[in-house]
Amino acid sequence: MRLWRFNGGLPSLAEHKNESSHLPIEAAPIPSELVYPLRQHIGNAAKPLVKAGEKVLRGQKIADAHGLISAPIHAASSGVVADISDKLIPHPSGFSAPCITIKTDGLDNAVTPTPLADYRQASIQELIDTVREAGIVGLGGAAFPTAMKLDNQSVVRDIKTLILNGAECEPYISCDDRLLKERAKQVIKGAEILLFMLGAKEAFIAIEDNAPETYQAVQLALKEHANSIIKAAQIPTIYPTGGEKQLIKTLTGKEVPPGDIPANIGIVSINVGTVYAVQQAIEEGLPLTSRIATVTGEGVTTPRNVEVRIGTPINTLIEFCDGYSNTVERLIMGGPMMGFALLNDEIPIVKASNCILVASKQEVITEKKAMPCIRCGLCASACPANLLPQQLYWHSRSDQFDKVEGLNLFDCIECGCCDVVCPSHIPLVQHFRYAKSAIKVKNHEKHQSNVARDRFEARETRLARDKAERAERSRKKKAALKGGSAKEEVAAAIKRSNEKKQQSSAETTK
């Protein structure tokens, strides 16, 4: 098939995938404790459904979605809820947040799954509700609630193409590669379910050309499945070809306009791990309680891909991979380009945890002294989002956020290409993250101000209306009282006139 080339990118990053991809997926053990941050997806934090001391089963919903953009959370094993309190969470901020902690009992008792007998006999809404109840989010790292994505795009828009994103362009990460090698049939079944839900006419499973064995495994599964509208596509290994917009450009030649979403041009892109989770929810009745994650780096003794229960502390995974080596320097969640450092190894695996990089000193990007920008333009040439990093940098530094927004800052995927090629070692992505955060805070404050203004104006309107109503009631009362006095005077006058008539008549009679 014909392929296109997106702007920029880095074709020569060291891959470091063989360290973990040559071993089959293994199931990590049940930890003694499971920790569930209530916010492990984009949107509102989930609301707890359990209390301390309550017994739970594997697959039981322990926190429910709160609002449209949210996702429920399910227990990954049976046990007792120890507490609901603030704990350190996997986030670049290093902050703590509310978490449900479960002390596991080792029995792993589960709720009875309720799969759909035949998804083709179900309504689209029923399928979407099943995905929603399963707590599925984007497992490629974005963690956007999948049901919300499918609901908007299947009902409102005309979707023609489904893309299954198996392009792990970032170094070290190989969990999707192992998934496709070992469970391609289930991924293909998941693709069929999504094609049915979306009404799409074609689907592509995107695999980078540095994984020929994976491509062959998928091709073999497709032949056995005999589905002609699902095709495997080998794409060039260029970082970040796994980015949603970059992958769409590579496969279709279409570009998603700035600030827009792929559905508006008839395309939906979903990570292969998410597709597998959809298949498990629909055909097996299983909520999202585990995921495949890569544990790798020179700092761990045996790098491998593991199927790990969500909520498992990272130190349990490290122990399962035969512990730390003597070169460990830093723990990173995600890859070396877009991941973030962790403060300790007691932090739990969450739905978005696709990789734990146990990095040595040689693998960690060391801090370099930033020098003045020399306006070489290499950052613009490398930017896969067609942005102008120089201008974004200058305006971010001077807090000119209106100009930054005008330059489509929020189209930046924070891939780090500009940082890598910058000869002045300017931490461009850090400046862009700062500007994004500042704009979000400003917009939130503006929203709060607007809400407060609307509330004040509504109150003033209500008070003015109440005052006018009181004045009107007072006027009517006075008018009523005045009208009553006039009637009394008329009656008295009539009475006096009648009395005079009677008196005059009496005198005449005499």
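Just to check I understand the Karplus step: with θ = phi - 60° and J = 6.51 cos²θ - 1.76 cosθ + 1.60, what whole-Hz values come out for the range 329-340, glycine and proline as x?
Per-residue couplings from phi come out as 10, 7, 9, 10, 8, x, x, x, 8, 10, x, 9 Hz.
Please state the Cα pair-distance histogram of the chain with 20 angstrom bins from zero: what percent is in each bin?
Taking all Cα pairs of the chain, the binned fractions are 20, 48, 17, 5, 5, 4, 1, 0 percent.
What do you get for Rg/Rh over the range 303-386 if you use C-alpha atoms and the Kirkwood form of Rh?
1.10
Students often forget the sequence filter, so: which lysines lie under 28 Å Cα-Cα from Lys440 once same-chain residues fewer than 8 apart are removed?
Filter leaves Lys47, Lys87, Lys149, Lys245, Lys351, Lys403.
Using every alpha carbon pair in the range 111-173, what percent of pairs falls into each 5 Å bin from 0 up to the bin containing the largest distance?
Binned Cα distances yield the sequence 4, 13, 19, 22, 20, 12, 7, 3, 0.
Which value, to two decimals, describes the C-alpha radius of gyration of the range 171-312 once divided by 2.2 N^0.38 Å?
1.09
Using the alpha-carbon atoms, what tilt in degrees (0 to 90, nearest 10) does helix 272-283 show relative to the longest principal axis of the chain?
Approximately 70 degrees, to the nearest ten.
Please pull out the direction-averaged projected area of the range 76-152, using the convex hull of its alpha-carbon atoms, in nm² to one decimal place.
7.5 nm²
Based on alpha-carbon centroids, what's the gap between the range 309-359 and the range 92-115 in Å, whole number please?
18 Å
Cut-off is 10 Å between beta-carbons; in what order do Cys373, Cys379 appear when sorted fewest neighbours first?
Cys373, Cys379
Which three lengths, in whole Å and largest first, does the range 104-240 cover when its Cα atoms are put on their principal axes?
That gives 46, 40, 31 Å along the principal axes, largest extent first.
Quick one: which of Lys61/Lys103; Lys368/Lys442; Lys223/Lys254 span more than 20 angstrom between C-alpha atoms?
In this structure, Lys368/Lys442; Lys223/Lys254 exceed 20 Å between Cα atoms.
Eigenvalues of the Cα gyration tensor times 5, then square-rooted: what semi-axes does that give for the range 376-510, in whole angstrom, largest first?
90, 10, 8
For helix 124-133, what angle does its Cα long axis make with the longest principal axis of the chain, in degrees from 0 to 90 and rounded to 10?
Approximately 80 degrees, to the nearest 10.
Mind listing the lone cysteines of the chain, meaning no other Cys beta-carbon sits under 4.7 Å from theirs?
Within the chain, the cysteines lacking a partner Cβ under 4.7 Å are Cys99, Cys169, Cys175, Cys321, Cys355, Cys373, Cys376, Cys383, Cys412, Cys415, Cys417, Cys422.
Return the Rg/Rh ratio of the range 354-421 with Cα-based radii and a Kirkwood Rh.
Rg/Rh for the range 354-421 comes to 1.03.
Between 0 and 90 degrees, rounded to the nearest ten: what's the tilt of helix 175-198 against the longest Cα principal axis of the chain?
40 degrees
All of the numbers you see were taken from the coordinates with simple rules; none came from a lab. Everything numeric here is computed off the predicted structure, so don't read it as measured data. Here the Cβ is made from the backbone with ideal geometry for all residues, glycine too, and neighbour counts use every protein chain on show.
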